[in-house]
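Let me begin by handing over the structure; questions about it come next.
The values are calculated or read from the model by the stated rules, or taken from the named source; none is laboratory data. Treat the numbers as computed from the prediction; the structure is a model and nothing was measured. As a convention, Cβ positions derive from the backbone with ideal geometry for all residues, glycine included, and neighbour counts pool all protein chains shown.
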Amino acid sequence: MELTAEIAAFRAGSGDPGRLVGEFRRAVLLVPFAGGSPDAGGGLMSAVSGGIRWFHAFTDEAALARFAEADGEADREWPYLAVLGARLVDAVVPEVDGPAGVAVNVADPDGSMLFPPVAGIVPDACAVDIEADSAEVA
């Protein structure tokens, strides 16, 4: 099952958290560049809410286009990085100063999903639900 189907099943109450995270890790996600260009030096698009940096990621170009429309910027080009969900949480999240997670398809009210900085999603050293001392032992 693909990520969007797993998100739908989970939101409907019939999904399995393990399958959802597995599909997230295997999915190729589109992460737009902040500032509209990889050369702008802004890195990957994200927003901070509740003390957590959320990387914006999309399951396809149509989902990214809906976000661009909702953001009032559908008339410009949106360069993006295509990256596996696993790479995003295993390599990018640890580079952030503070807790970070991934917000998938944020412009889709019935199809969005947050993957927060908790054990089982991000590396233990970055998880907010694990004490720092216990993450270093692992």
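Do any strands (runs of 3 or more DSSP E) entirely within segment 39-138 hold 2 or more residues that are within 28 Å of Gly13 (Cα to Cα) and in contact (Cβ under 8 Å) with a residue 60 or more places away in the chain, and if so, which? Walk me through it before giving the result.
Working: elements: 46-49, 52-57, 80-84, 100-104, 113-115.
Passing ranges, in order: 52-57, 100-104, 113-115.
Being exposed (fewer than 12 other Cβ atoms within 10 Å of the Cβ) and farther than 15 Å from Val21 by Cβ: is that true of Glu69 here? Full working, then the answer.
On the way: exposed (fewer than 12 other Cβ atoms within 10 Å of the Cβ): no; farther than 15 Å from Val21 by Cβ: yes.
Spelling it out, it is not the case that Glu69 is exposed (fewer than 12 other Cβ atoms within 10 Å of the Cβ) and farther than 15 Å from Val21 by Cβ.
Yes or no: segment 18-34 includes at least one residue that is more than 23 Å from Ala86 (Cβ to Cβ) and small (Gly, Ala, Ser).
No, segment 18-34 contains no residue that is more than 23 Å from Ala86 (Cβ to Cβ) and small (Gly, Ala, Ser).
Applying the selection to segment 34-88, what residues are touching a Leu at 6+ places or on another chain (Cβ under 7 Å) and of a type in the set (Gly, Ala, Ser)?
Ala34, Ala57, Ala82, Gly85
Can you go through Ala91, Ala138 and tell me which one is modelled with pLDDT under 95, of a type outside the set (Asp, Glu) and surrounded by fewer than 19 Cβ atoms within 10 Å (Cβ to Cβ)? Break it down stepwise before answering.
Working: Ala91 fails: modelled with pLDDT under 95.
Ala138 is the lone residue from the list that is modelled with pLDDT under 95, of a type outside the set (Asp, Glu) and surrounded by fewer than 19 Cβ atoms within 10 Å (Cβ to Cβ).
Looking at Arg53, is it farther than 18 Å from Glu2 by Cβ and of a type outside the set (Val, Ile, Thr)? Steps first, answer last, please.
Details: farther than 18 Å from Glu2 by Cβ: yes; of a type outside the set (Val, Ile, Thr): yes.
The answer is yes for Arg53.
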